[in-house]
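Below is one structure, written out as structure tokens; the observations come after it.
The values are calculated or read from the model by the stated rules, or taken from the named source; none is laboratory data. What you are looking at is a predicted structure, and each value in this text was computed from that prediction instead of being measured. Quick reminder, even Gly has a Cβ in these numbers, built from the backbone with ideal geometry, and neighbours come from all protein chains shown. We work out accessible area using only protein heavy atoms, side chains counted, and drop any ligands, DNA or RNA first. Shrake-Rupley method; radii C 1.70, N 1.55, O 1.52, S 1.80 Å.
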Amino acid sequence: MAGKVKWVTDIEKSVLINNFEKRGWVQVTENEDWNFYWMSVQTIRNVFSVETGYRLSDDQIVNHFPNHYELTRKDLMVKNIKRYRKELEKEGSPLAEKDENGKYLYLDFVPVTYMLPADYNLFVEEFRKSPSSTWIMKPCGKAQGKGIFLINKLSQIKKWSRDSKTSTFVPQSTKEAYVISLYVSNPLLIGGRKFDLRLYVLVSTYRPLRCYMYKLGFCRFCTVKYTPSTSELDNMFVHLTNVAIQKHGEDYNHIHGGKWTVNNLRLYLESTRGKEVTSKLFDEIHWIIVQSLKAVAPVMNNDKHCFECYGYDIIIDDKLKPWLIEVNASPSLTSSTANDRILKYNLINDTLNIAVPNGEIPDCKWNKSPPKEVLGNYEILYDEELAQGDGADRDLRSRPGQPPGPRASRTRDSGRSALSTWK
């Protein structure tokens, strides 16, 4: 197709700009005709708002869905997952099966969570059932570990509520909503330290759902050894893995940035826990991601001009059960190390190859799956059209006694999961 892609961004990051320039695309301003706009979540609000929004044409694409917050706001994500479970239960789906304690067998992947102040009474009821538990409070709309604290006494919540009410600089009307979640207090530790996983997932369409998993995710480690001791509840170097927090720790390593590749984690777990349980863990992680996307798909505005790359944060407990902590709409493109820079440059490169096929002027009417050769480090995680075509969704729902993740068959040569059920 003739003509070069005209791009705009309001995020001045070299990993983005270098990728646009490498393709020979032309930079323009937002007031000129553009084809590709990599924008912040604030800007996307304006693009799609009723008052200031404008109609996008078929040759324009953007990097967020209009209401991505249904997945990326902590409170809405939990609300949508709860609704999804209830709907499956109503349908009598085997996915919504529960054990004798009333816990979901296959859909119990988000720690017990309540919204505050709205669910305060429900939270108190739950807290009193296990008064020795620890809970983590997070503001709904913030990132990078801001505003987070841990509590293990009801009086701490009451104090928080009092403080924020009497605060002179926080008008009551704008008082932030918080989520409070049961803290995963038995995290899997490596070298005595807590870590979480950051995985990148690209969604090209929600209906039908088509998503890709980036193979080069990483683990983020705390700089201080983990202790469940209540005396360390306010030491965020022990509990929060966010680089924005850990980089201020005196033991922070600027060479590796407290990061491990997912591949290293896999090798470590295979050698310490065995191949089978490691494969099961990664199958379950993939399962969680697909189920969370299916939970929000019905409410997502599936605009054909949009794609989105999400940063999934997963914590693994010492029983090798993965927990979905949150999903980020704007995963950081800042590089804390040289390896980080290469990873993020390649992530953007591979994302653009899928979102803007052949680097040509986009055509939103185009809805073909890109060929395998262009996926780079992405692999198809789930393609609803293909799944329905070969009955894989039915297969996923009909296998009793086994987590309805991908089929457990292993390809002998790669030792990786043959994700046949997902495609």
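The criterion of being surrounded by fewer than 16 Cβ atoms within 10 Å (Cβ to Cβ) and in contact (Cβ under 8 Å) with a residue 40 or more places away in the chain does not hold for Asn35. Across the range 108-123, the number of residues qualifying as among the polar types (S, T, N, Q) and farther than 15 Å from Lys158 by Cα comes to 1.
Taking helices (runs of 4 or more DSSP H) that do not extend beyond the range 1-106, which have at least 3 residues that are closer than 25 Å to Ser330 by Cβ and out of contact with any strand residue (DSSP E or B) (no Cβ under 9 Å at 6 or more places or on another chain)? The qualifying helices (runs of 4 or more DSSP H) are 14-22, 41-47, 74-91. Residues in the range 354-384 that are modelled with pLDDT of 90 or more and within 24 Å of Ala295 (Cα to Cα): Ile354, Ala355, Tyr378, Glu379, Ile380, Leu381, Tyr382, Asp383, Glu384.
Tell me whether the range 299-309 contains one or more residues that are under 22 Å from Tyr84 (Cβ atoms), assigned to a helix (DSSP H, G or I) and within 18 Å of the chain's Cα centre (by Cα). Checked the range 299-309: at least one residue is under 22 Å from Tyr84 (Cβ atoms), assigned to a helix (DSSP H, G or I) and within 18 Å of the chain's Cα centre (by Cα). Close Cβ contacts (under 9 Å, 6 or more residues apart or on different chains) running from residues in the range 94-112 that are farther than 15 Å from Glu284 by Cα and open to solvent by 90 Å² or more (accessible area, probe 1.4 Å) to residues that are assigned to a helix (DSSP H, G or I) and of a type in the set (S, T, N, Q) are absent. Being surrounded by fewer than 19 Cβ atoms within 10 Å (Cβ to Cβ) and at pLDDT 95 or above is a description that applies to Val277.
From the list Lys22, Lys4, Lys86, Lys13, the lone residue that is over 30 Å from Met137 (Cβ atoms), of a type outside the set (Asp, Glu) and at pLDDT 95 or above is Lys22.
A quick yes/no check of all residues on (1) at pLDDT 95 or above; (2) surrounded by fewer than 17 Cβ atoms within 10 Å (Cβ to Cβ):
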site: Leu209; (1), (2): yes, no
site: Thr227; (1), (2): no, yes
site: Gln246; (1), (2): no, no
site: Gly257; (1), (2): no, no
site: Asn264; (1), (2): no, yes
site: His286; (1), (2): yes, no
site: Asp303; (1), (2): no, no
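Within the range 117-162, restricting attention to residues that are of a type in the set (Lys, Arg) and open to solvent by 50 Å² or more (accessible area, probe 1.4 Å), the residue that is modelled with the lowest pLDDT is Lys142. Arg341 meets all of the listed conditions (1) at pLDDT below 95; (2) of a type in the set (D, E, K, R); (3) assigned to a loop (DSSP other than H, G, I, E, B) but one, namely (3). In the range 264-286, the residues that are touching a residue at least 12 places away in the same chain (Cβ under 8 Å) reach residues that are outside any helix (DSSP H, G or I) and of a type in the set (Phe, Trp, Tyr) with C-beta atoms within less than 9 angstrom, at least six apart or across chains, in these pairs: Asn264/Phe218; Leu265/Phe195; Leu265/Phe218; Tyr268/Trp260; Glu284/Phe109; Ile285/Tyr312; His286/Tyr382. Residues in the range 354-379 that are open to solvent by less than 30 Å² (accessible area, probe 1.4 Å) and assigned to a strand (DSSP E or B): Tyr378 alone.
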